[in-house]
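The values are calculated or read from the model by the stated rules, or taken from the named source; none is laboratory data. For clarity, every value in this text was computed on a predicted model and none was experimentally measured. Using ideal geometry, Cβ is built from the backbone for each residue, glycine included, and neighbour counts are taken over all protein chains shown.
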Amino acid sequence: MGDADQVLVIDDGSIDATPEVARSAGPRVRYIRQDNQGKSSALNRGLAETSGEFVWICDDDDILRPHAVAALTGALDDGAVDWAFARYTRFQDDGDGTRRDLGTGYWPDLSAGSLVRHILEDAFVMQNAALVRRSAYAAVGPFSTAMPRSLDYEMFVRLAVARPCAYVDTIAFDQRKHPGDRGPAAQRHAANSSEDVWRRFDSRIFANLYEYAPLSFFEAMYECSDGSVPRRAALLQRGAIMLRHDCMEQGLTDLAAAAGQSAAALDPGEAVICRHVLAGKNNPAMLWERGLAQSLRALSDGSRVGRQIVGEILAGMRWRLRRDPIGRWSSFRGMISAGGAVGAVHAMTRPALMHRAAGIAERDRLPPSALISPDDLRPVTER
């Protein structure tokens, strides 16, 4: 810890020995206690009570690695980067005192494509592994008190669309996994039901994003070889992001708009986007149960491009079937109910019979001019 560093502990109404532990850490550690108001309130209090150039938010039960500070601050030496993140690994302490390493879990391949696209597709960045300029937090606004869960992801979405970031390929901390009930006192949930809880709150984030992020933001993720605007690729990408977060109405609207955008066959780059739709870390069975199969069948029946889009989406589901043996059967039943949509995987229109779209390539980084102005951001405000 450097001489200028500030260490602040916000105790959000704990009922354990937190006060004694924090005060025993010495005079360099400042301790503030408040009545239980939720994590967002505690984090906003912490931001207001500190003044350092960089902010590192750490949960109390995880273990930071000694080299993490140097690795993340090194990434921020680039003045064009406003926040940086690294990887993590998970562990669990068993009742007999044995510590089991559980690995990182879901982590996307970040070697290609923009970091913002990866962050919007799935939640994987953790606060304990992220260092953020205070000016970036000030620009995008406070943590949303309407988000008792997924509040960190909601903030990372705002940071990603408004401020340039960097990835540091190192492990910054060890995350403790708890077998018992989790969440704020008023919204406890069992550990084995956490995925459903996260999904419900994630959908609020992306229904909100759909309202404030213009299509031009998604267009900036791609470029056409002939210099034209990649409008169809943008619609496919935004639709994929929406469906991955259970925003089915918004996602299907974009897929239908993409199918009607051009009669040209999908470019290979656009086909890759379609394969992302059902290849995220969340099980798509819920979408099938809500009628996605029937909607895809209607899209497939609507046009040759629609059939291509659906065919590529279902081809991407093969990753899901291989990865998740338990969810395999519910997903497979949904595919069967799609009828003609499933057949489209093998019977879609041959690209040789259609004029192909201009070559589509994904950018590794969005142009700074494409980032969304903080004035246009809208933190989630409805519970």
(Q) Which pairs turn up if I take residues in region 243-256 that are under 19 Å from D196 (Cβ atoms) and in the same structural domain as H276 (by TED's automatic domain parsing) and look for partners that are surrounded by 19 or more Cβ atoms within 10 Å (Cβ to Cβ) and polar (S, T, N, Q) with beta carbon separation below 7 Å, at least 6 apart in sequence or on another chain? (A) R244/N282
Q | Filter result for A112 (modelled with pLDDT under 95, crowded, with 16+ Cβ neighbours inside 10 Å, assigned by TED's automatic domain parsing to the domain that holds V157 and hydrophobic (A, V, I, L, M, F, W, C)) | A | no
**Q.** Checklist (1) touching a helix residue (DSSP H, G or I) at 6+ places or on another chain (Cβ under 8 Å); (2) in contact (Cβ under 8 Å) with a residue 24 or more places away in the chain; (3) β-branched (V, I, T) applied to V29, failing item
**A.** (2)
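What helices (runs of 4 or more DSSP H) completely inside region 191-286 contain at least 2 residues that are charged (D, E, K, R)? Before the answer, list the steps.
Values: elements: 194-212, 215-219, 231-244, 248-259, 268-276.
Ranges flagged: 194-212, 231-244, 248-259, 268-276.
So which residues in region 47-81 are hydroxyl-bearing (S, T, Y) and not assigned by TED's automatic domain parsing to the domain that holds L131?
If we filter region 47-81 for residues that are hydroxyl-bearing (S, T, Y), which is where we start, we get 50-51, 73.
Listed by number, the residues that qualify are T50, S51.
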Q: Output the qualifying pairs, or none if there are none: Cβ atoms under 8 angstrom, residues six or more apart or on different chains, first residue in region 102-127 and under 17 Å from R163 (Cα atoms) and without any contact (Cβ under 8 Å) to a residue 60 or more places away in the chain, second residue assigned to a loop (DSSP other than H, G, I, E, B) and of a type outside the set (D, E, K, R).
A: H118/P108; H118/L110; H118/F124; I119/V125
Q: Hey, could you check region 203-237 for residues that are among the basic types (K, R) and over 13 Å from the mean Cα position of the chain (by Cα) and say which is surrounded by the fewest Cβ atoms within 10 Å (Cβ to Cβ)?
A: R231
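Report, by residue number, each residue of region 30-89 that is of a type in the set (D, E, K, R), in a strand (DSSP E or B) and more than 20 Å from T145 (Cβ to Cβ). Walk me through how you get there before you give the answer.
We begin by selecting, within region 30-89, every residue of a type in the set (D, E, K, R); these are 30, 33, 35, 39, 45, 49, 53, 59-62, 65, 77-78, 82, 87.
The next check asks that each one be in a strand (DSSP E or B); those that pass are 30, 33, 87.
Of everything in region 30-89, those that are of a type in the set (D, E, K, R), in a strand (DSSP E or B) and more than 20 Å from T145 (Cβ to Cβ) turn out to be R30, R87.
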**Q.** Matching residues, region 42-79, being over 22 Å from the mean Cα position of the chain (by Cα) and of a type in the set (S, T, N, Q)
**A.** T50, S51, T73
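In region 142-197, which residue that is among the acidic types (D, E) and at pLDDT 90 or above is nearest to A213 (Cα to Cα)? Step through it out loud before you land on a result.
Going through region 142-197, the residues among the acidic types (D, E) turn out to be 152, 154, 169, 174, 181, 195-196.
Retained after the next criterion (residues that are at pLDDT 90 or above): 152, 154, 169, 174.
Details: D152: 19, E154: 14, D169: 29, D174: 34 Å.
So the residue we want is E154.
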Q. Surrounded by 10 or more Cβ atoms within 10 Å (Cβ to Cβ), closer than 30 Å to R363 by Cβ and in contact with a Lys or Arg (Cβ under 6 Å, 6 or more places away or on another chain) - does that describe any residue in region 7-30?
A. no
